[in-house]
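J.: Before I ask anything, here is the structure I am working with.
The values are calculated or read from the model by the stated rules, or taken from the named source; none is laboratory data. As the structure is a computational prediction, the values presented were derived from the model and not from experiment. Neighbour counts are summed over all protein chains in view; Cβ atoms, including those assigned to glycine, are modelled from backbone coordinates with ideal geometry. We work out accessible area using only protein heavy atoms, side chains counted, and drop any ligands, DNA or RNA first. Shrake-Rupley method; radii C 1.70, N 1.55, O 1.52, S 1.80 Å.
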Amino acid sequence: MLRFIYVIVMNLFRAPYMIRKMRREADHPEKYSETERYRLVRHVIYLMKRTGRITTDASGEDNLPQEGGYVMCPNHQGKYDALGIISTHKEPCSLVMDEAKSHTILVSEFVDLIQGKRLRKDNVRQALRIINEVADDVKNGKRYIIFPEGGYSFNNKNCVCDFKAGSFKSAIKAKAPIVPVSLIDSYKVFNSFNCLPIKTHVHYLKPLYYEDYKDLKTPEIAAIVKQRIQEDIDAYNCQKDI
């Protein structure tokens, strides 16, 4: 939390210009391509990382499918999670996030720039519409970040909670690859009382292709993805302790 405030304060001098620029490009996708808008998002993240003394290392990029759309399913640790993934994911991607948390300044611009989906957790009909829209986008080659945990606890210390089976319905409808992503120490960025230099990790794990999961039920898919992420985090912790 202290780092979040520090980053905001240290970037106040550039905020008016950057927010206007983000809003302009978000509001006019007919003028600014997906690549241009994604480049702007990554530039803003870079400025935040530099100011906040945040480093994010990535591994497993070769596991990302080279063609077509896919759904990335990470564990959820805090406000930095999507930013950490976007900063290491070179190709444009989008996300699904809680509608209630998506309308604050800067967050709203981020979501609109990447044409993210705002999910109302208490509205079943709207959730079904979002599932179908994401599935259609993925069929057409778009890449999405969806957090199967649906939320996070403050300072969660790399714990992985149960995954909601419904989070995988868009990928199933699109018959698309599901890429487990393990986030490590991401909670330390904005969800702890720490302002020291911090390094987080984004590990792109081996994907599940449609042929791998077509005969499985959604709770089984959720369990497999969660297990792969948990095993990767456990392996990292063991290696760190050596």
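J.: What about CYS73, is it farther than 28 Å from MET18 by Cα, of a type outside the set (Phe, Trp, Tyr) and open to solvent by 50 Å² or more (accessible area, probe 1.4 Å)?
T.: Criteria not met by CYS73.
J.: Could you list, ordered by first residue, the pairs with Cβ atoms under 9 Å in which the first is in segment 22-33 and under 12 Å from GLN115 (Cα atoms) and the second is part of a loop (DSSP other than H, G, I, E, B) and open to solvent by 50 Å² or more (accessible area, probe 1.4 Å), at least 6 apart or interchain?
T.: GLU25/LYS31; GLU25/TYR32; ALA26/TYR32; ALA26/GLN115; PRO29/GLN115
J.: Moving to a separate point now. Name, by its number, the condition in (1) touching a Pro at 6+ places or on another chain (Cβ under 7 Å); (2) under 23 Å from LYS157 (Cβ atoms); (3) of a type outside the set (Val, Ile, Thr) that does not hold for PRO177.
T.: (2)
J.: Hey, another quick one. Could you check segment 127-139 and list, in sequence order, the residues that are surrounded by 15 or more Cβ atoms within 10 Å (Cβ to Cβ) and over 10 Å from LYS173 (Cα atoms)?
T.: ALA127, ILE130, ASP137
J.: Considering only residues that are in contact (Cβ under 8 Å) with a residue 24 or more places away in the chain and not in a helix (DSSP H, G or I), which ones fall in segment 118-130?
T.: If the condition is that a residue be in contact (Cβ under 8 Å) with a residue 24 or more places away in the chain and not in a helix (DSSP H, G or I), then LYS121 is the only one that fits.
J.: Of all residues in segment 89-117, which are farther than 27 Å from LYS173 by Cβ and either open to solvent by 20 Å² or more (accessible area, probe 1.4 Å) or free of Cβ contacts under 8 Å to residues at least 40 places away in the same chain (or both)? So that I can check it myself, show each step before the final result.
T.: Within segment 89-117, the subset farther than 27 Å from LYS173 by Cβ is 103-109.
Hits for segment 89-117 are HIS103, THR104, ILE105, LEU106, VAL107, SER108.
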